[in-house]
Amino acid sequence: MPITTCIFDAYGTLFDVAAAARQAAGDPSFAAIKDDWPALAEHWRAKQLQYTWLRAITGAHTDFWEVTQNGLDWALEKTGHSHDPALRERLLALYWELQAYPEVPEMLHTLKNAGMNTAILSNGSPEMLDGAVQSAGIADVLDDSLSVQSVGIFKPDVRVYDLVGQRFGCAKEEVLFVSSNGWDAAGATGYGFTTAWVNRAGEPVDRLPWTPHTTLTNLTGIPALAGV
């Protein structure tokens, strides 16, 4: 069955989650993280994801903004910067303005020009996703931003992936699902989507019952995978 619908994870897939720490580190006001911002960004992202999984399995759902703040607070303490409230405030503000990866606008335009449905499917809250989409200037090439907030549980619960068919009326076989998270792409494979893992960091494949159908280093090959 041909692909009609291309669905993207947001954070780490379309938007560079390290951009907030990197940008803050370039500000002389926050020179304290000039050297260790990569570690700060890595810890922040890791804890953000871990907290979504823990909340999902314990039934303690909250919005992604709270999880994002909790992850940052842990990362700031881990890297020795928890004493700096101005840094915390700046990093959180920058998270609403994350940069898209360079290839994102052209890739999405190619899909839309070919008549594809395009959307985000993310743990992010609707407000966070809107902020990122508007900041990146890609609202005109996305049909929707689907948030887990509507089902009250984080990925990779099947109720999240169900949102795609509910929104677009498409069969699972018509969907190309793209994520930078190997576990997310694996979960979507098990669900029945065709999947692409954007493995920018060259990470090993997660040891799960399913594996992504395709592994890429960036998003430039997505139109070809979709048959465009």
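When residue 27 is tested against (1) surrounded by fewer than 18 Cβ atoms within 10 Å (Cβ to Cβ); (2) without any contact (Cβ under 8 Å) to a residue 60 or more places away in the chain; (3) more than 30 Å from residue 227 (Cβ to Cβ), just one condition goes unmet, and that condition is (2). Selection within segment 68-113: residues that are part of a loop (DSSP other than H, G, I, E, B) and open to solvent by less than 60 Å² (accessible area, probe 1.4 Å). The member of this set that is modelled with the lowest pLDDT is 98.
For residues in segment 1-24 being assigned to a helix (DSSP H, G or I) and not charged (D, E, K, R), which is surrounded by the most Cβ atoms within 10 Å (Cβ to Cβ)?
Here the residue is 21.
Taking the criterion of being buried (at least 24 other Cβ atoms within 10 Å of the Cβ), in a helix (DSSP H, G or I) and not small (Gly, Ala, Ser), the only residue of segment 180-195 that qualifies is 184. In the set (1) touching a helix residue (DSSP H, G or I) at 6+ places or on another chain (Cβ under 7 Å); (2) part of a helix (DSSP H, G or I); (3) open to solvent by 10 Å² or more (accessible area, probe 1.4 Å); (4) touching a residue at least 60 places away in the same chain (Cβ under 8 Å), residue 53 fails one condition alone, (1). Each residue in segment 121-144 was checked for being closer than 16 Å to residue 95 by Cβ, touching a residue at least 60 places away in the same chain (Cβ under 8 Å) and crowded, with 19+ Cβ neighbours inside 10 Å, and 8 pass.
The values are calculated or read from the model by the stated rules, or taken from the named source; none is laboratory data. Given the structure is predicted, the values throughout are model-derived calculations rather than measurements. All Cβ positions, even for glycine, are placed from backbone atoms using ideal geometry, and neighbour counts span all protein chains on display. These area figures cover heavy atoms from the full protein model, side chains too; ligands, DNA and RNA do not enter into them. Shrake-Rupley method; radii C 1.70, N 1.55, O 1.52, S 1.80 Å.
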